[in-house]
Amino acid sequence: MFLKAMALFLFWILLSASFEWIHLLLGLVFSFVVAWLNSGHSPFVPKFRLWLRIILYIPWLFYKIIESSIHMSRLILDPALPINPQLITVESKLRHHAAVVLFGNSITLTPGTITAEVYRNTLIVHAMDKDLSKDIESKQMESRIAEIFKDEKPDL
Amino acid sequence: MEILSIIFIVTGLFFLIVAAIGVIRLPDVFSRSHAVSLTDSLGAFLMLVGIALHEGFGKNMLKIMVVLALLYILNPVIAHATIRAALRSGLKPWKKENS
């Protein structure tokens, strides 16, 4: 609970960006109140190694986003509009709730592919054309995410 | 620094315009939402980075970074919710006729 309150307090300082004592005191009080109200829910346990791996994954995701954005812009600006939308079902081998969330979010974040439905570790993805759906089916992204979560306890 | 920020903002504008054209040209909800996600992932990102560079280091830059992080967390959620709602209400995705 103390960690949660401190995280909230840091966020408060970031948002208010003023160091008058009345603001800081108010922020401290309210962070403790909110942390206390939430103390019955999920415990706030920082996992530094996991977060480090996720942060290292972001640049690669970014490269993918730029690549498919350019692909998508080309599709839109082409006078013939050569799109071929399709729904594909992807059954992933991920064993964690958080991993599936990260996978679905990454798919949605790259333009041209959107996660339409999730059931356990099966995702229905809507893709703009064959190239993009091949990209999802090539399991490149999935294996990277599996790599991030390889040391965690499976919970799915 | 100023020139760099202008380059970022203009590139961001390019992607925003492409996304707007896409929303008009594409045939159905599903493909249109792809065009919208183009706005979020590159258009808004490049615009915000351009503005952050224009502001220089300081608390405003930090705030823009927070906005950026929130944008990248929230946008996929919104896009996914829209598409899932469309799919669950029985809308059929547009298909190419000859495939």
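Loop only by DSSP, 14 or fewer other Cβ within 10 Å of the Cβ. Give me the trypsin sites (Lys or Arg not before Pro) in the stretch B:39-99 that pass, ordered by residue number.
B:K95, B:K96
Hey, what angle do you get for helix B:2-25 against the long axis of chain B, alpha-carbon based, 0 to 90 degrees rounded to 10?
It is inclined by approximately 10 degrees.
Among residues other than A:L75 whose Cβ falls under 11 Å from its Cβ, what is the net charge (Lys/Arg +1, Asp/Glu -1)?
-1
To the nearest 10 degrees, how steep is helix B:29-38 against the longest Cα principal axis of chain B, on a 0 to 90 scale?
10 degrees
What are the aspartates and glutamates whose alpha-carbon lies under 19 Å from the alpha-carbon of A:K130, with same-chain residues fewer than 8 places away excluded?
List returned: A:E67, A:D78, A:E91, A:E142, B:D28, B:E97.
Roughly how crowded by other chains is peptide B:29-40, in terms of the mean Cβ count from those chains within 10 Å of each of its Cβ atoms?
6
Return A:V100, A:V118 ranked ascending by Cβ neighbour count within 10 Å, so the fewest neighbours appear first.
Listing A:V100, A:V118 from fewest to most nearby Cβ atoms yields A:V118, A:V100.
For chain A, return all DSSP H helices satisfying: extent of Cα atoms along own axis at least 20 Å; mean Kyte-Doolittle hydropathy at least 0.0.
Correct list, ordered by number: A:2-16, A:21-37, A:48-77.
Where a ≥ b ≥ c are the square roots of the eigenvalues of the C-alpha gyration tensor, would you call chain B rounded, which needs a/c under 1.5, or, failing that, prolate if a/b is larger than b/c, or oblate?
oblate
Can you give the local net charge around A:I124? Use residues other than it whose beta-carbon is closer than 14 angstrom to its beta-carbon, Lys and Arg +1, Asp and Glu -1.
After counting each charged neighbour, the total is +1.
So, counting K/R as plus one and D/E as minus one, what does the shell of residues with Cβ under 15 Å around B:V77 add up to?
Charge balance in the 15 Å sphere: -1.
Just want the ordering: B:I17, A:I114, from fewest to most Cβ atoms lying within 10 Å of their own Cβ.
Arranged by neighbour count, lowest to highest, B:I17, A:I114 become B:I17, A:I114.
Can you compute the helix-only [θ] at 222 nm over chain A? Use -39500 (n - 2.57) per DSSP H run of at least 4 residues, normalise by all residues, nearest 500 deg cm²/dmol.
Rounded to the nearest 500, the figure is -19500 deg cm²/dmol.
What do you get for Rg/Rh of the protein assembly as shown when both radii come from the Cα atoms and Rh is the Kirkwood radius?
So for the protein assembly as shown, dividing Rg by the Kirkwood Rh gives 1.01.
Nearest 10 degrees is fine. How inclined is helix B:45-55 to the longest principal axis of chain B, computing both from alpha carbons?
10 degrees
Please compute, for peptide A:61-71, the average count of beta-carbon atoms on other protein chains lying within 10 Å of each residue's beta-carbon.
3
Bear in mind these aren't lab numbers, they're just calculated from the coordinates by the rules spelled out. Keep in mind that this is a model prediction, so the values were computed, not measured. Every residue, glycine as well, gets a Cβ built from its backbone with ideal geometry; the counts of neighbours run over all protein chains shown.
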